[in-house]
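Below you'll find the structure, written out as structure tokens, and then a few comments.
The values are calculated or read from the model by the stated rules, or taken from the named source; none is laboratory data. If you're wondering where the values come from, they're calculated on a predicted model, not measured in any experiment. Because the Cβ atoms are built from the backbone with ideal geometry, glycine has one as well, and the counts that use them run over all protein chains shown.
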């Protein structure tokens, strides 16, 4: 298995610089491919506008028309997220206005699933809305293999994830703290033990990835934090390892979660893996955590995301849409 991973790394791992923008534009024009970028957003007023502005400036003008539509899906923000995104030039759609006959569930995966109904691109690119110092090569980088390699269907971004703001060590290039704690403590062990073909993915839980619509519409979507792991595993079983790829886009800076939030994320990711290992008799799980109040530890119990949405191609409203 190690040899297969090494072969895949040599054949299916690139950097954003490997495909200049001019090459991508030529490939897009030659094939008539359309591209949608989706930002799922919940209370990201501080960052979403800058991300939208960078994509519009670098990838949507007449000089570089790589992206055809840019949509922010607001999943119930209480701040000015929707206003900031619209002011920067995005089309903003509220989660609850998409497929209203199906009551929405909380979670990022729910938003990504519903986004397929309000976008038209042949390629769909997802980008988290909390990124700081965003560079548009995040988008062009992961779109590159899909535009130039007909046998690639799903591309993850890979990057360094500094935990804080400390400068990198000049000798190693690494910062003192590294993010991606749930990846290292939960997702990577799970993949190596149960899906070793996917062991070569540097950032399996990263929120920046792109795929062909013809693949995404056939995959179930976990509604919560397990969506990235679920899509990666299901893509492997649907199209095979050689249709998956990753692109190094540099450094990802974003808002980090506290330890308890990471615990809930880890539980959802474990549950997503568990469902894929066995669809047998599984109880609906919960996770109890503790907070100190008035000198004592008080338990707080949270449900673990277990719901999944079916493949979008099974939804009547999606099938009934006019052809793009």
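In this structure, does residue 30 turn out to be free of Cβ contacts under 8 Å to residues at least 12 places away in the same chain, more than 24 Å from residue 248 (Cβ to Cβ) and surrounded by fewer than 18 Cβ atoms within 10 Å (Cβ to Cβ)?
Working: free of Cβ contacts under 8 Å to residues at least 12 places away in the same chain: yes; more than 24 Å from residue 248 (Cβ to Cβ): yes; surrounded by fewer than 18 Cβ atoms within 10 Å (Cβ to Cβ): yes.
Considered against the rule, which asks whether it is free of Cβ contacts under 8 Å to residues at least 12 places away in the same chain, more than 24 Å from residue 248 (Cβ to Cβ) and surrounded by fewer than 18 Cβ atoms within 10 Å (Cβ to Cβ), residue 30 comes out as yes.
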- Query: Of all residues in the range 61-89, which are more than 21 Å from the chain's Cα centre (by Cα) and either part of a helix (DSSP H, G or I) or within 16 Å of residue 118 (Cβ to Cβ) (or both)?
  - Reply: 83, 84, 86, 87, 88
- Among the candidates 217, 228, 184, residue that is within 18 Å of the chain's Cα centre (by Cα) and free of Cβ contacts under 8 Å to residues at least 12 places away in the same chain: 184
- Checklist (1) crowded, with 23+ Cβ neighbours inside 10 Å; (2) touching a strand residue (DSSP E or B) at 6+ places or on another chain (Cβ under 6 Å); (3) not in a helix (DSSP H, G or I) applied to residue 235, failing item: (3)
- Per the filter on the range 7-25, residues without any contact (Cβ under 8 Å) to a residue 12 or more places away in the chain and more than 22 Å from residue 66 (Cα to Cα) are 7, 10
- Looking at (1) over 23 Å from residue 313 (Cα atoms); (2) part of a helix (DSSP H, G or I), can you tell me which one residue 214 breaks? (1)
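If I filter the range 120-151 down to residues being assigned to a strand (DSSP E or B) and at pLDDT below 95, which single residue comes out as surrounded by the fewest Cβ atoms within 10 Å (Cβ to Cβ)?
Applying the first criterion (assigned to a strand (DSSP E or B)) to the range 120-151 yields 123-126, 131-132.
Filter once more, keeping what is at pLDDT below 95: 131-132.
Values: 131: 22, 132: 13.
The selected residue is 132.
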- Query: Out of the range 298-324, which residues are surrounded by 10 or more Cβ atoms within 10 Å (Cβ to Cβ) and more than 17 Å from residue 218 (Cβ to Cβ)?
  - Reply: 298, 300, 302, 303, 304, 305, 306, 307
- Message: Just to be sure before I move on: is residue 261 on the phi < 0 side of the Ramachandran plot and at pLDDT 90 or above in the structure I sent?
- Response: no
- What residue, of 121, 76, is touching a residue at least 12 places away in the same chain (Cβ under 8 Å) and closer than 27 Å to residue 57 by Cβ? 121
- Here the residues within the range 43-60 that are within 17 Å of the chain's Cα centre (by Cα) and surrounded by fewer than 24 Cβ atoms within 10 Å (Cβ to Cβ) are 47
